[in-house]
1. Would you tally the residues in the stretch 77-109 being hydrophobic (A, V, I, L, M, F, W, C) and under 17 Å from GLU59 (Cβ atoms)?
2. In the stretch 1-14, which residues are in a helix (DSSP H, G or I) and either at pLDDT below 90 or charged (D, E, K, R) (or both)?
3. If you take the residues of the stretch 37-58 that are surrounded by 10 or more Cβ atoms within 10 Å (Cβ to Cβ) and within 22 Å of the chain's Cα centre (by Cα), which of them is nearest to GLU105 (Cα to Cα)?
4. Contact list please: Cβ distance under 6 Å, first residue in the stretch 33-60 and in a loop (DSSP other than H, G, I, E, B), second residue surrounded by 10 or more Cβ atoms within 10 Å (Cβ to Cβ), pairs at least six apart or on different chains.
5. Which condition does GLN17 not pass, out of (1) part of a helix (DSSP H, G or I); (2) not assigned by TED's automatic domain parsing to the domain that holds ASN3, if it passes all the others?
6. Tell me yes or no: at least one residue of the stretch 23-31 is within 30 Å of ASN3 (Cβ to Cβ) and either outside the structural domain of ASN3 (by TED's automatic domain parsing) or of a type in the set (A, V, I, L, M, F, W, C) (or both).
7. Can you say whether LEU83 is under 30 Å from GLN12 (Cα atoms) and either modelled with pLDDT of 80 or more or in the same structural domain as ALA18 (by TED's automatic domain parsing) (or both), as far as the supplied structure shows?
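The values are calculated or read from the model by the stated rules, or taken from the named source; none is laboratory data. All values derive from a computational prediction rather than experimental measurement. Using ideal geometry, Cβ is built from the backbone for each residue, glycine included, and neighbour counts are taken over all protein chains shown.
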Amino acid sequence: MSNTYIQVRTNQADKEQASAILDGLGTNISTVVNMLLKQIIMTKGIPFEIKMNRPYNDEEELIEINATMAIEDMALDKDDLKLVASYQNSSAEQQDEIRKSVIAEFQES
């Protein structure tokens with residue numbers, strides 16, 4: 001079977017970063033493109049999930065914030081989560097007042 005060429009336009013920095021990573025893995029862009037083409041043929045589709053990120057809903061945001069804080073050993077209690085939810089649903093002026101209140105609470109302790 002004869003070979004053919006594929007030209008791809010991409011950002012120079014992306015190409016350089018990908019090339020460096022692939023070199024560390026003992027391969028190159030050409031080989032990976034050929035692997036991708038074979039996977040497309042074998043799966044009759046794109047061999048990885050492609051989706052648009054959807055924004056978190058309010059509950060998911062609170063779960064994410066709580067999980068992140070727990071990783072830092074700063075778990076939030078129910079009052080903290082209520083404050084975060086209140087902050088998210090407040091006007092800029094109200095958010096400023098909440099920030100001042102939280103700062104004052106930390107300065108007292």
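1. Here is the first cut: in the stretch 77-109, the residues hydrophobic (A, V, I, L, M, F, W, C) are 81, 83-85, 92, 98, 102-104, 106.
Remaining after also requiring under 17 Å from GLU59 (Cβ atoms): 81, 83-85.
Matching residues across the stretch 77-109 total 4.
2. In the first step, residues of the stretch 1-14 are kept if they are in a helix (DSSP H, G or I); the result is 12-14.
Scanning the stretch 1-14 gives a single hit, ASP14.
3. Per the stated criteria, the residue is ASP58.
4. Note: pairs meeting the criteria are PRO47/GLN39.
5. (2)
6. Let us first name the residues in the stretch 23-31 that are within 30 Å of ASN3 (Cβ to Cβ), namely 23-31.
Subsequent filtering for residues that are either outside the structural domain of ASN3 (by TED's automatic domain parsing) or of a type in the set (A, V, I, L, M, F, W, C) (or both) retains 25, 29.
Yes, the stretch 23-31 has at least one match.
7. Working: under 30 Å from GLN12 (Cα atoms): no; either modelled with pLDDT of 80 or more or in the same structural domain as ALA18 (by TED's automatic domain parsing) (or both): yes.
No, not satisfied.
A quick yes/no check of all residues on (1) assigned to a helix (DSSP H, G or I); (2) of a type outside the set (Val, Ile, Thr); (3) surrounded by 11 or more Cβ atoms within 10 Å (Cβ to Cβ):
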| residue | (1), (2), (3) |
| --- | --- |
| ALA70 | yes, yes, yes |
| MET74 | no, yes, no |
| ASP79 | yes, yes, no |
| SER86 | yes, yes, yes |
| GLU93 | yes, yes, no |
| ARG99 | yes, yes, yes |
| ALA104 | yes, yes, no |
| GLN107 | yes, yes, no |
